[in-house]
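Just so you know, all these numbers are worked out from the coordinates, no wet-lab data involved. Keep in mind that what you see is a predicted model, and the values were worked out from it rather than measured. Glycine gets a Cβ as well: all are built from the backbone with ideal geometry, and neighbour counts include every protein chain shown.
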Amino acid sequence: MRISIFGAGAIGGFLGVRLLQAGADVTFIARGAHLAAMREKGVTLRSGGESVTVRPRCTDNPAEAGPQDAVLITLKAHSLPAAAAQMLPLLGPETSLITGINGVPYWYFYGLDGPYRDRHVESVDPGGKLWETLHPSRAIGAVIYPAAEVLEPGVIEHSYGDRVTLGEPDGSRSPRIEALSKLFIQAGLKSPIRPRIRDELWVKLWGNLAFNPLSALTGATLDRLATQGDLRTVARTMMVEAQAVAEALGTRFPIDVDKRIQGAAEVGAHKTSMLQDLERGRPMEIDALLGAVVELGQLVGKPMPTCDMVLTLVRERARQAGCYPAASPKL
């Protein structure tokens, strides 16, 4: 299978190495010092006390790779609108897009039964440009659980997690998703196919929409946010507000809110990705993780006062740090 990793940083690089080891024809699409190091020395992956170096095809020009069987998108959500047109050379008539991106995906309402069917989500797809450029008929939902970090250009450390859940937006068990699941399993990953992929997207998002922005506002690690009484109360309130929105859209949560918070607490003194981005002066995934949820709340008529307030505060915190555009979506 020909597969490109678009955004071959930490998570993309980890998955790309594993897929390459499983026999896939993998192209890493990256940029900057990380790309230069991968071209010169290969990609080194450290995982489970072992280290392996591979030499995949690496480029910053998708046209060099040509049409693929699948493209695994592992960019941050806010980077996708600007990058979408760059992916076009990778797309043949049957190319799948595996959207391994945190938050509400741009294809969320594609084929979804109900009054909002085929509606685009403005917070993550301004003007519907993603929908037009990367039509959601290509999309395969993915919930990616591994954690990894680029220690230095060309060197990736995988710390935990081995599951990549896949799901067609329409819930079908298509030949393309069967083939991708089989490939991920061959790569040493757990890769179940879920008929209700949005449910699993929400379970991951449920914690991220609360813990990520609260960590950016307070500097607190995950264990404190999930266990310190006052912080836990704020996080739980946000999650309850979001649950009402998700359920109004047909989501079924397999666990309750307190079990989800307990799961976060068990991760320990972990800095969320949003806090790490803030500390490093990088753009923060505010709109995909929280802005889109508030937008969906307005759509279904569910009040979200705590989420709305935290969204306002974390946007301003990000603006002051130069990690968010000056003009934010009007929600």
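With both bridge residues required to lie in the chain, what share of the DSSP beta bridges run antiparallel, to the nearest 5%?
About 35 percent, rounded to the nearest 5.
How are the alpha carbon pair distances in the chain distributed across 10 Å bins from zero to the largest one, expressed in percent?
Each 10 Å bin holds this share of Cα pairs: 6, 26, 36, 25, 7, 0.
For each of 270, 135, 158, count neighbouring Cβ atoms within 10 Å of the residue's Cβ, then give the residues from fewest to most.
Sorted ascending by nearby Cβ count, the order is 135, 270, 158.
Can you work out the FRET efficiency for the pair residue 88 and residue 170, with r the C-beta to C-beta distance and R0 = 22 Å, to the nearest 0.05?
0.35
Could you list the chymotrypsin sites (Phe, Trp or Tyr not before Pro) in the stretch 1-49 that lie in coil according to DSSP, counting only those with at most 12 other Cβ atoms within 10 Å of their Cβ?
Answer in residue order: no site qualifies.
How large is the helix-only mean residue ellipticity at 222 nm for the chain, computed as the sum of -39500 (n - 2.57) over DSSP H runs with n ≥ 4, divided by its residue count, in deg cm²/dmol to the nearest 500?
The helix-only estimate for the chain comes to -12000 deg cm²/dmol at 222 nm.
Quick one: if the Förster radius is 25 Å, what FRET efficiency do residue 316 and residue 79 give, using the C-beta to C-beta distance and rounding to 0.05?
Approximately 0.70, to the nearest 0.05.
When a footprinting reagent is the concern and you count Cβ atoms within 10 Å, what order do 140, 11, 193 take, fewest first? Don't skip to the answer; put the middle values down first.
Working: 140 23, 11 26, 193 18.
Arranged by neighbour count, lowest to highest, 140, 11, 193 become 193, 140, 11.
Once the mean 1/r over all distinct Cα pairs of the stretch 129-229 is inverted, what Kirkwood radius in angstroms do you read off?
16.0 Å
Find how much the distance from residue 51 to residue 300 grows on full extension, using 0.36 nm per residue of separation minus their present alpha carbon separation; answer in nm with one decimal.
My answer for the length gained is 84.8 nm.
Let me test this: with uniform point scatterers at the alpha carbons of the stretch 204-309, what is the Debye-based log₁₀ I(q)/I(0) at q = 0.21 1/Å?
With no solvent term, the Cα-only Debye profile gives -1.10.
Can you compute the modelled spin-label distance between residue 253 and residue 145, with each label point 7 Å from Cα toward Cβ, in nm?
1.9 nm
Let's test the formula: R0 of 35 Å, r as the Cβ-Cβ distance of residue 204 and residue 117. What FRET efficiency results, to the nearest 0.05?
0.90
Run the numbers for residue 185 and residue 162: contour at 0.36 nm per residue of separation, minus the present Cα-Cα distance, in nm.
7.3 nm
Can you pick out the pairs among 76/271; 182/271; 190/302; 76/129; 271/302 whose Cα atoms lie more than 24 Å from each other?
Listed pairs above 24 Å: 182/271; 190/302; 271/302.
Give me the Kirkwood hydrodynamic radius of the stretch 2-195, using the inverse of the mean 1/r over all pairs of distinct Cα atoms, in Å to one decimal. Show your work: numbers first, answer last.
On the way: mean 1/r = 0.0595 Å⁻¹.
One over the average 1/r among Cα pairs gives 16.8 Å for the stretch 2-195.
Roughly how far apart, in whole Å, are the Cα centres of the stretch 230-277 and the stretch 89-130?
Each part's Cα centre sits 24 Å from the other's.
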